[in-house]
1. In the list 435, 448, 461, which residue meets the criterion of being touching a helix residue (DSSP H, G or I) at 6+ places or on another chain (Cβ under 6 Å) and either closer than 22 Å to residue 131 by Cα or surrounded by fewer than 20 Cβ atoms within 10 Å (Cβ to Cβ) (or both)?
2. Could we say that residue 274 is in contact (Cβ under 8 Å) with a residue 60 or more places away in the chain, over 21 Å from residue 105 (Cβ atoms) and open to solvent by 40 Å² or more (accessible area, probe 1.4 Å) here?
3. Considering only residues that are under 24 Å from residue 327 (Cβ atoms) and among the β-branched types (Val, Ile, Thr), look in region 346-377 and name the one that is surrounded by the most Cβ atoms within 10 Å (Cβ to Cβ).
4. Tell me which residues, restricted to region 305-323, are surrounded by fewer than 18 Cβ atoms within 10 Å (Cβ to Cβ) and modelled with pLDDT under 90.
5. Go through region 1-60 and count every residue that is hydroxyl-bearing (Ser, Thr, Tyr) and either touching a strand residue (DSSP E or B) at 6+ places or on another chain (Cβ under 6 Å) or in contact (Cβ under 8 Å) with a residue 60 or more places away in the chain (or both).
6. Within region 147-182, take every residue that is in contact with a Pro (Cβ under 7 Å, 6 or more places away or on another chain) and of a type outside the set (S, T, N, Q) and give me the one that is least open to solvent (accessible area, probe 1.4 Å).
7. Would region 187-199 turn up any residue that is touching a Pro at 6+ places or on another chain (Cβ under 9 Å) and of a type outside the set (S, T, N, Q)?
Amino acid sequence: DVYRAVRAVFDDSEEMSKLDHEDRRLVERMERNYRRDGILLPPETRRMLAAVRRQLADVALDFDACIKEEDAKVLFTRGELEGLPEDYFDRRATDDADGELKFVVTSKYPDYFPLLRYAKHERTRRAMLVAAETRCPANIGRLQEMVRLRLEEARLLGYRSHSEYVMEVLMAKTPQTALAMEEDLRARLEAPAKKELAELAALKLADKHAAGEPFVGFYNWDTAYYRRITRESKHNIREDELKQYLSLDNALRGVLDIYQKMLGLRIRQVANPPVWHAEVAMYEVWEADGDVFVGHFYLDLHPREGKYNHAAVWPIRLGFTRPDGSREYPVAAMVANFPRATSAAPALLPHSDVTTLMHELGHVFHNLCAHTKWAYFHGTAVERDFVEAPSQMLENWASDPVALRKFAVHYETGEPIPEALVAGLVDAKNKGAGLANLGQVFFGMYDLAIHSTVDGKVDVLQTYNSMRSDIAMVGNGDAETHKLATFGHLAHGYSARVYGYLWSRVFSADMYASRFKRDGVDNTTTGMDYRTEILRPGGSRDAMESMVRFLGRAPNNRAFL
């Protein structure tokens with residue numbers, strides 16, 4: 001009955017012509033969504049579709065819950081953790097194993113990534129990575145079941161595959177377009193990736209010779225360690241030194257100040273806020289030039305038991321215009337797992353965490369700066385293969401000399417970050433991009449491979465392992481792992497959409513290079529253009545139209561390449 005009412009308006013060209021742009025787009029989206037939800041199917045087929053979707057939701061919830069609740073824990077002696085900085089051991093839990101005191105290391109980010117970057121002994125890195133990548137074995141079967149159910153859902157709706165169903169409403173439009181993009185990038189990235197891999201492997205070979213040990217191969221547990229060595233030796237970047245200038249408090253203050261000046265906002269922390277945990281902070285956001293309220297956001301930045309163990313932003317309340325013309329104000333929450341302060345120092349961030357902070361706050365301000373009539377179009381409700389572009393664009397500030405100097409000061413002396421360190425960061429920014437982006441190509445192509453099946457005859461684990469070693473170039477040797485079981489994106493919202501991370505990075509590079517790098521990151525006119533043309537419309541118009549308005553032309557991939 002509701003669909004018939006929507007369809008009556010949709011089919012009435014005279015009625016549609018009287019609507020403003022956003023109202024008309026809402027009617028078009030409502031009609032399309034009803035059809036994609038199966039409203040035109042016979043009653044029995046609709047019941048079958050509803051049953052499949054209930055099953056799919058239940059399996060996805062179990063998949064997600066396992067990732068959140070099942071942490072890997074490995075016990076190491078101090079000697080096995082040789083190379084880790086002193087602050088790594090501060091307040092770290094210990095356990096008595098066979099009469100020997102050992103340190104507890106988990107798969108939570110502040111434990112896991114520093115170990116892979118700093119642990120000198122290969123057997124330590126291998127043990128930790130294998131433990132992390134063998135979590136949630138039950139999720140292999142759950143992913144297999146989700147692939148089956150998604151195909152069944154697509155078929156009931158008249159599509160050949162899940163990816164065909166998903167991409168109908170994205171920028172790419174078809175799986176073939178997305179796959180062509182991935183294959184083109186793969187071809188372009190293979191040569192630089194092979195060169196990078198050879199350089200990293202040569203460093204490991206030298207270490208093995210010096211230690212009198214055989215060189216068997218280069219594996220995933222080696223990548224982060226030897227990338228760090230390369231950054232230190234080639235670009236004069238020592239992460240332990242760099243962290244001294246990147247305290248969480250200073251970085252957060254500096255990044256928020258950059259964003260409020262860029263976007264014409266005023267941000268104020270709320271004292272004694274009503275929050276779900278004592279570590280959570282709450283902020284009010286106002287227009288900079290008056291008492292016009294914009295919205296709230298929360299920051300929940302440290303790991304704890306049972307908490308989501310990645311970084312993400314969720315809208316808690318969407319903004320829209322009420323019938324009386326007043327606003328419903330948006331609220332968003334950022335969740336991360338940054339290190340806490342220790343007894344010796346405040347929370348000090350690796351540079352990668354500063355990049356994460358920039359990225360996720362980009363999503364926060366996309367949610368806050370959108371201003372649409374309808375909640376349906378608010379904030380990040382853009383095409384899913386564009387949703388990362390605004391945040392990816394803002395990652396560039398983490399390696400921009402002008403931006404860094406605003407907050408990167410030594411936590412003890414207050415001295416600004418040395419010019420040599422900044423120069424090293426800028427020089428190293430795109431080094432290793434071949435292997436890194438090839439890894440992202442693998443994730444996108446794997447996602448497309450399992451969700452483009454038209455007969456369901458795909459083994460999710462076998463496909464993952466074969467494609468990983470073939471495309472990403474680095475594998476796990478004879479260690480049997482199943483990292484796909486903790487690939488949470490495949491359970492909630494990113495199935496047949498993972499390619500979008502690279503698709504949108506092309507747009508993010510174009511926005512940064514063509515406007516902010518050219519005009520200067522402090523240019524308030526460019527910042528307000530970005531707010532007006534990219535953030536404010538949300539999904540109330542096509543992302544391509546927003547890009548053209550901001551750039552003054554159609555986007556291209558030259559800046560990315």
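The values are calculated or read from the model by the stated rules, or taken from the named source; none is laboratory data. This structure is a prediction, so every number in the text was calculated from the model and none was measured. No Cβ is skipped: glycine too gets one built from the backbone with ideal geometry, and neighbour counts run over all protein chains shown. What goes into the accessible areas is simple: the full protein's heavy atoms, side chains included, and nothing from ligands, DNA or RNA. Shrake-Rupley method; radii C 1.70, N 1.55, O 1.52, S 1.80 Å.
1. 461
2. Against the criterion (in contact (Cβ under 8 Å) with a residue 60 or more places away in the chain, over 21 Å from residue 105 (Cβ atoms) and open to solvent by 40 Å² or more (accessible area, probe 1.4 Å)), residue 274 does not qualify.
3. Out of the qualifying residues, it is 364.
4. Residues satisfying the conditions are 305, 306, 307, 308, 310.
5. Number of matching residues: 1.
6. So the residue we want is 167.
7. Among the residues of region 187-199, not one is touching a Pro at 6+ places or on another chain (Cβ under 9 Å) and of a type outside the set (S, T, N, Q), which makes the answer no.
A quick yes/no check of all residues on (1) over 18 Å from residue 509 (Cβ atoms); (2) open to solvent by 40 Å² or more (accessible area, probe 1.4 Å); (3) of a type in the set (A, V, I, L, M, F, W, C); (4) part of a loop (DSSP other than H, G, I, E, B):
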| site | (1), (2), (3), (4) |
| --- | --- |
| 379 | yes, no, no, yes |
| 384 | yes, yes, no, yes |
| 391 | no, no, no, no |
| 396 | no, no, no, no |
| 403 | no, no, yes, no |
| 406 | yes, yes, no, yes |
| 412 | yes, yes, no, yes |
| 422 | yes, no, yes, no |
| 425 | no, no, yes, no |
